[in-house]
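Q: This is the structure I have questions about; it appears just below.
FYI, it's all coordinate maths here, none of it is from the lab. No experiment lies behind these values; they were computed from the predicted model shown. Backbone-built Cβ (ideal geometry, glycine too); neighbour counts: all protein chains shown.
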Amino acid sequence: MAERSTAEARRESIRRVAGTAFATSGLHGVSVATIAAEVGISEAYVFSLFGNKRALFIDVVVTACDELTAGIAASAVGLGGADALTAMGRAYVGLLADRQRLLLPMQGFAACSDPVIRAAMQDAFGRLWATAARSSGSDDVTVKTFVALGMLTNTLAALDVDHIDSDWARAARGFVPLGYRAAESG
């Protein structure tokens, strides 16, 4: 039983280190050897736990996507329609205050030229979509708008729009930064 606990603890350590590395460098920007060294284990042990680098990447990225989905779902319990969408939107902005949680799904989308990663991201995105639809009870156009605004939120947060001095950034600030700043401070 102790061996299983050790393997699970190592798996979580690997996920934590890989999450940071993949969020900042993407699938191809970091090696398994680098992740293993930071965790203090062999590269072979990482492969024995996850199979290959792509599987580790998918595990970490899909987990981040599913955490976002769970967070918005929890915020909408007992609500419906516009109230649910508003609660989910606020929760989403708050969850994106964690920069790693913001960047991991974006890295997953960027790696969608790989058909296995694309299929995993399609499933994760489908769960997010279904959660927004089911939690709000909204029609397809309303859910599309909600998800589109979420993707805009991702982009503006990734660009760190608060710190860009340009006309377009000043115009965009009214969309995300108030909630984003509140999430960071609260």
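Q: Under a plain spin-label model, where a point goes 7 Å from the Cα along Cα-to-Cβ, how far apart in nm are residue 144 and residue 122?
A: 1.9 nm
Q: Rounded, prolate or oblate: which fits region 73-160 when a ≥ b ≥ c are the square roots of the eigenvalues of the alpha-carbon gyration tensor, with rounded for a/c under 1.5 and prolate only if a/b beats b/c? Before the final figure, lay out each step's value.
A: Details: a/c = 2.11, a/b = 1.40, b/c = 1.50.
In terms of gyration-tensor shape, oblate.
Q: Next question, about the same structure. Using a 10 angstrom cutoff on alpha carbons, build the Gaussian network for the chain and name the most mobile of 20, 86, 145.
A: Looking only at 20, 86, 145, the biggest GNM fluctuation is shown by 145.
Q: Return one number: the angle in degrees, 0 to 90 and rounded to the nearest 10, between the long axis of the Cα atoms of helix 2-25 and the longest principal axis of the Cα atoms of the chain.
A: It works out to around 50 degrees.
Q: Report the net charge of residues surrounding residue 52, where surrounding means a beta-carbon distance below 12 angstrom and charges are Lys +1, Arg +1, Asp -1, Glu -1.
A: Residues close to residue 52 contribute a combined charge of -1.
Q: Further question on the same structure: Could you work out the relative contact order of the chain? I mean the mean sequence separation of Cα pairs under 8 Å and 6+ apart, divided by the number of residues, in percent.
A: Worked out over the chain, it gives 22 percent.
Q: Please list 155-162, 6-13 highest first by mean number of surrounding beta-carbon atoms within 10 Å per residue. Spell out each step's value before the answer.
A: On the way: 155-162: 15.9, 6-13: 12.8.
Answer by packing, highest mean first, reads 155-162, 6-13.
Q: Which semi-axis lengths, in whole Å and largest first, follow from the square roots of five times the eigenvalues of the Cα gyration tensor of the chain?
A: 32, 20, 15
Q: Assuming 0.36 nm per residue, please report the length gained on full extension of the stretch residue 34 to residue 12 beyond their Cα-Cα distance.
A: 6.3 nm
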